[in-house]
Amino acid sequence: MSRKVTDKAVGDRPVRRVKTIIIGGGFSGLGLAIRLSQQGRNDYLVLERGNDVGGTWRDNTYPGAACDVPSHLYSYSFALNPDWSRSFSRQGEIQQYIKGVAEKYRVLDKHVFNCDVTSARWNNDTAEWEVESSEGSFVADTLVSAIGALCEPALPDIKGINDFEGEIFHSARWNHDADLTGKRVAIIGTGASSIQIVPAIADKVAHLDVYQRTAPWLLPRIDRPYTKAEHLAFKYVPGFQRLSRAAIYAARETQVVGLAKFPALMQAFELIARAKLRHEVRDPELRAKVTPNFRIGCKRMLISNNYYPAISRDNVDVVTDGITEVRASSIVTEDGTEREIDALIVATGFHVTDSPTYETISGRDGRTLSEVFDEIGQQAYKGATIANFPNMFFLLGPNVGLGHTSMVYMIESQLNYVADALATVDRLGLKTVEVRRDVQDEYNVDLQRKLSKSVWINGGCASWYLDKHGNNTTLWPDFTFEFRRLTKNFDLSAYETTKTSRADVKVGAHQ
Ligand code: N01
């Protein structure tokens, strides 16, 4: 549903004018919409390219899709759900939860759905963001990118893949019309998505080839349905659900010590993972193939109880020879073997550090985000602001990602920061705020110094956490409560500002 705000003319074109535009209606964009509504800042719109809220949870409908963070933690702190059916919820239940929250907080009519943003350009003269989209033009004082890191599927650049004649689709764009029953299927990739898909389809297909480039580490998935007594307790015993949430949070946060500070400690997890591998993969040849060759945690640690049993089935093969070519109905590997298939699932992840959306946003000097990142790497200040992009905020921007706990916790930290920033701008009558480049640089030097000790840098793997400069520009390198502390209030002294006044006086950095 779209909502028309004030019409205004830029050139001959009618545009919708609004104070704040949020791009993306996933967990983060929806969270900000709710926060702004609660603050009475109702002059905003969420531009969402899909037909519903939910973002990655709306898009990833592949068989077996489920969260690997317990739901009592992987939910908004202001909208706890006592009815989660099990410890690790499945995609459908999470999507229902997100929709339910959007309805409860009455923000759906602030969303413009099926609205694909094609460009966002800062206009220095008017000090406004000019946004073009499939649903028309918009102008706003403030732009918030809530696009998220896992939204643009990355397709592998393999010779002949575009000429494949059978069913072919990415894990995040699952084709539910394609019936895989009794078919010869191949899946490329063995990341978090693939290890959920493989067990979900292995017993339906005639044959499944799993193309593995790097063997992942797997830990047990301690998942079970909640009992009736637990549901009653979550609902009626004061504090019980908050306590469970706090216990999950604390347990997960201990992993930071090994992941970010003392990677040698991760060997304890490796012992568990190796024991699991020995127990669940009885065939020594297969076990050798799927034994990882890097320190656990360097790539996201995966949890599954049914992946190893699935790849041990007679109708499943793990192929470790590199793919040289995809033909009309087959895949050819480096050793010259050609394997016939009817369908190909591409579970090769997302454009994270090189998102195509970066090409559509241009800042004060006209350069796009991708041009700026090309030069300095994907970096921001507190994951929220970037020099050269005035009045623009990011949710889930650079270096706020996590592998060990709930992203919703990080999102809510960012909501505190951005909401306080917008309130500060209004209170002081500021026309523009732009993070100081020296502050941003210093922040990133400190981040990279911390990250240099982490398993993500020292664990001996290549991962999507690293950008093309070899820097980890995706993960937060400390306890998440440290990030919460850092983002509690908007720190105006880190910003260049101009004031709204007839003279438009530049007031410079506030101390
Ligand atoms: O993607 P990935 P994903 N030829 O990038 C391989 C989140 N998530 O969609 O390891 C051959 O992890 C690649 O190989 P390698 C979570 O944050 C969360 O699985 O690069 N192979 C890898 O095996 C996760 O981290 C949940 O050598 C190629 C795979 O494809 C993120 O989403 C569930 C290749 C890609 O793995 C992404 O997960 C699912 C090529 N050209 C996902 N290119 C939760 O439960 C790539 N690969 C919350």
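The values are calculated or read from the model by the stated rules, or taken from the named source; none is laboratory data. All of these numbers come straight from a predicted model, not from anything done at the bench. Quick reminder, even Gly has a Cβ in these numbers, built from the backbone with ideal geometry, and neighbours come from all protein chains shown. Remember, those area values only see protein heavy atoms, side chains included, never the ligands or the DNA or RNA. Shrake-Rupley method; radii C 1.70, N 1.55, O 1.52, S 1.80 Å.
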## Note on the structure
Scalar couplings 3J(HN,Hα) for the range 87-99 by Karplus 6.51 cos²θ - 1.76 cosθ + 1.60 (θ = phi - 60°), nearest whole Hz, x for Gly and Pro, are 5, 10, 6, 8, 3, x, 5, 5, 4, 4, 4, 4, 4
## Note on the structure
Here the equivalent ellipsoid of the range 138-219, derived from its Cα gyration tensor, has semi-axes (largest first, whole Å) of 30, 17, 14
### Task
Express in nm, to one decimal, how much length is gained between residue 173 and residue 279 on full extension, taking 0.36 nm for each residue of separation and deducting their alpha carbon distance.
34.8 nm
### Query
Measuring from the lowest to the highest alpha carbon on each principal axis, how far does the range 41-95 reach, largest first, in angstroms?
38, 27, 15
### Task
Jot down the radius of gyration and Dmax of the range 366-511, Cα atoms only, both in angstrom.
16.0, 57
#### Entry: For residue 393, distant residues with modelled amide H under 5 Å away
143, 144, 145
### Projected area, mean over directions - the range 248-350, Cα convex hull, nm²
9.0 nm²
### Summary
Sorted by chain and then number, the residues having a modelled amide H within less than 5 Å of the amide H of residue 350, at least 5 places away or on another chain, are 154
### Query
Under 23 Å Cα-Cα from residue 468, which lysines qualify once same-chain neighbours fewer than 8 residues away are excluded?
159, 299, 382, 450, 453
### Task
Report the convex hull volume per residue for the range 278-432, counting only C-alpha atoms, in Å³.
187 Å³
#### Entry: Cα convex hull volume per residue for the range 1-158 (Å³)
137 Å³
### Task
Please state, rounded to one decimal and in Å, the Kirkwood hydrodynamic radius that the chain gives when every pair of distinct Cα atoms enters the mean of 1/r.
24.3 Å
### Task
In square nanometres and to one decimal, what's the mean projected area of the convex hull around the Cα atoms of the range 327-413?
9.6 nm²
### Task
Give the Rg (one decimal place) followed by the Dmax (whole number) of the range 75-193, computed from C-alpha coordinates and expressed in Å.
20.1, 62
### Task
Could you run the Karplus curve 6.51 cos²θ - 1.76 cosθ + 1.60 with θ = phi - 60° over the range 364-375 and give me ³J(HN,Hα) per residue in whole Hz, x for Gly and Pro?
4, 8, x, 6, 7, 4, 5, 5, 5, 5, 4, 7
### Message
Spelling out what I want: for every residue of the range 173-183, take phi, set θ = phi - 60°, compute 6.51 cos²θ - 1.76 cosθ + 1.60 (Karplus), and round to whole Hz; glycine and proline get x.
### Response
10, 4, 8, 6, 7, 7, 8, 8, 4, x, 9
### Task
Per DSSP H run of n ≥ 4, the term is -39500 (n - 2.57); total these for the chain, divide by its residue number, and report the mean residue ellipticity at 222 nm rounded to 500 deg cm²/dmol.
-8000 deg cm²/dmol
#### Entry: Sites residue 233 and residue 165, calculated FRET efficiency, Cβ-Cβ separation with R0 45 Å, nearest 0.05
0.25
### Summary
For residue 111, the residues 5 or more places away or on another chain with a placed amide H closer than 5 Å to its own amide H are 46
### Query
Tell me, what is the 1.4 Å probe accessible area of residue 354, in Å² to the nearest 10?
90 Å²
### Query
Listed highest first by mean packing, meaning other Cβ atoms within 10 Å per residue, what order do 28-36, 128-136 come in?
28-36, 128-136
### Query
Can you pull the three principal axis extents for the Cα set of the range 286-345, in Å, largest first?
37, 23, 20
